[in-house]
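What follows is a short report on a single structure.
The values are calculated or read from the model by the stated rules, or taken from the named source; none is laboratory data. Quick caveat, the model's predicted, so the values are computed rather than measured. Every residue, glycine among them, receives a Cβ derived from its backbone with ideal geometry; neighbour counts consider all protein chains shown.
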Amino acid sequence: MPYSYYYGFDWTYIVLVLPCVLLSLWASANVNSTFKKYSQQFSSRGLTGAEAAQRVLSANGVRGVRIDRVSGNLTDHYDPKTNVIRLSDSVYNATSTAAIGVACHEAGHAVQYAESYAPIKLRAAIIPITNFGSKLAMPLILLGILCTFLGEFSTVLVYLGIAAFGLSLVFQLVTLPVEFNASRRAMQAIESSNLLTPEEQKGARKTLSAAALTYVAATAVALAQLLRLIVLFGGRGRRRND
């Protein structure tokens, strides 16, 4: 039994992971409450989310991007494969400052691809690798733990599993500048094109800031989980030698 377990409690989870999970839950609740709050603050110009997104694309000289409606709440995203911005029911036809902020953020992603923004290209390139690594991580670790008869090779399997899990952290770290940059582009477009008044811009900015915290929290969870795996199994080879 690993030394981190004491009377049935996994202290590595409680100390490392649980605080980050709670932060993630708070960030998720915060973005929902912030969006709900500023969904009641409406644009004096009467622009919808879809119209605002189109303004951002046009201002940046980006053409050929379709803007569609998608069901759900806060399911907004840009699909680079089909070159389509999909805006949720609460954003597409809504004229709130929250909806305009979110729509302009997604348009910011389309602009990133159009301009070959390096971090978003890197993120797109590593998605297959990180997805494969995240699926392979725990099977490798469990196989290494169970197959002790393999000797040193079992330790190698555990280390490979930890390294594979670490790819999820790499993905989160690359995602951070992508999301922050998209929000910055959104606010710059909102301000320069006068899509919202200075007072209304606060609602869009707070909505995007709340959304950004969810990515920070996701990165913290990935880091904490990786550290936990290192604490639990990182010294496996040394303990075997002892």
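For this structure, a couple of remarks:
- In the set Val221, Val231, Val178, only one residue is of a type outside the set (Phe, Trp, Tyr) and modelled with pLDDT under 95; that residue is Val231.
- Pairs with Cβ under 6 Å, 6+ apart, first in the range 138-150 and loosely packed, with under 15 Cβ neighbours inside 10 Å, second assigned to a helix (DSSP H, G or I): Cys147/Ser154; Thr148/Ser154
- Pairs with Cβ under 6 Å, 6+ apart, first in the range 11-25 and over 12 Å from Ala222 (Cβ atoms), second outside any helix (DSSP H, G or I): Trp11/Ser4; Thr12/Ser4
- Residue tally, condition in a strand (DSSP E or B) and under 20 Å from Asn181 (Cβ atoms), over the range 87-117: 1
- Being under 19 Å from Ile127 (Cα atoms) and modelled with pLDDT under 95 is a property that Ser193 lacks.
- Test: residue in the range 176-183 that is in contact with a strand residue (DSSP E or B) (Cβ under 8 Å, 6 or more places away or on another chain), touching a residue at least 12 places away in the same chain (Cβ under 8 Å) and crowded, with 17+ Cβ neighbours inside 10 Å: no
- Pick from the range 118-149, criterion more than 27 Å from Ala182 (Cα to Cα) and not hydrophobic (A, V, I, L, M, F, W, C), ranking: modelled with the lowest pLDDT: Thr148
Each row is one residue, and each column tells you yes or no for (1) under 30 Å from Ile162 (Cα atoms); (2) in contact (Cβ under 8 Å) with a residue 40 or more places away in the chain; (3) surrounded by fewer than 21 Cβ atoms within 10 Å (Cβ to Cβ).
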{"position": "Leu57", "(1), (2), (3)": "no, yes, no"}
{"position": "Val70", "(1), (2), (3)": "no, no, yes"}
{"position": "Lys81", "(1), (2), (3)": "no, no, yes"}
{"position": "Tyr92", "(1), (2), (3)": "no, yes, no"}
{"position": "Ala118", "(1), (2), (3)": "yes, no, yes"}
{"position": "Ala124", "(1), (2), (3)": "yes, yes, yes"}
{"position": "Ile129", "(1), (2), (3)": "yes, no, yes"}
{"position": "Leu136", "(1), (2), (3)": "yes, no, yes"}
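- For Ile162, the test of being surrounded by fewer than 19 Cβ atoms within 10 Å (Cβ to Cβ), in contact (Cβ under 8 Å) with a residue 60 or more places away in the chain, part of a helix (DSSP H, G or I) and not basic (Lys, Arg) is failed.
- Boolean, Ala29 is in a helix (DSSP H, G or I), modelled with pLDDT of 95 or more and surrounded by 20 or more Cβ atoms within 10 Å (Cβ to Cβ): no
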